[in-house]
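Novice: Below are the structure tokens for one structure; questions will follow.
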Amino acid sequence: MEFKQLVDTAEKWCSGNPFDLIFAEEIDERRLDFYAEPGISFYVLCPDNMNGGTDNFHVWSESEDCLPFLQLAQDYISSCGKKTLLEILDKVFRSFRPLLGLPDIDDETFEEYHADVEEEPEADHQQMGVSQQRGQ
């Protein structure tokens, strides 16, 4: 993807959250730097397939306080499949929600998932019973 398109995507993403795109460099690293109060910063190195550079995104922070929160996004990037800049930025934002003073939306997702899981075992047991009866 052209670097200009990546910058446009980053700027649009910033319009919906507390982060600002504070620096964009195409020449050396294809790097996008982001910042939000209170002192939360990270950067994204963008793929450069055309010039023999990396073919994956990379997120990092020079702030020791921010690094542990980037683990979710780093794991996501390392998982199978190509990722878009927007998907990665959304993972980073989700990771930083506690530092930004926002509720952690993963907890709500887990509770909904957990509630669904509790209802399913009854149906599974009934199906297992039917399977065993057919086998006899």
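The values are calculated or read from the model by the stated rules, or taken from the named source; none is laboratory data. For clarity, every value in this text was computed on a predicted model and none was experimentally measured. Note: areas computed on protein heavy atoms with side chains; ligands, DNA, RNA excluded. Shrake-Rupley method; radii C 1.70, N 1.55, O 1.52, S 1.80 Å.
Novice: Evaluate the relative contact order of segment 12-100 (contact order divided by residue number), counting alpha-carbon pairs under 8 angstrom at least 6 apart; express in whole percent. Each step should come with its number before you reach the end.
Specialist: Details: 124 pairs, mean separation 17.2, N = 89.
In percent, rounded to a whole number, it is 19.
Novice: Then there's this: Suppose all protein chains stay in the model; what accessible area per residue would a 1.4 Å probe give for segment 38-90, in Å²?
Specialist: Values: 3050 Å² over 53 residues.
That works out to 58 Å² for each residue.
Novice: For ILE22, enumerate residues with amide H under 5 Å from its amide H, sequence gap 5+ or separate chain, H modeled in the peptide plane.
Specialist: Residues meeting the criterion, in which the H sits 1.01 Å from N, are ASP33, PHE34, TYR35.
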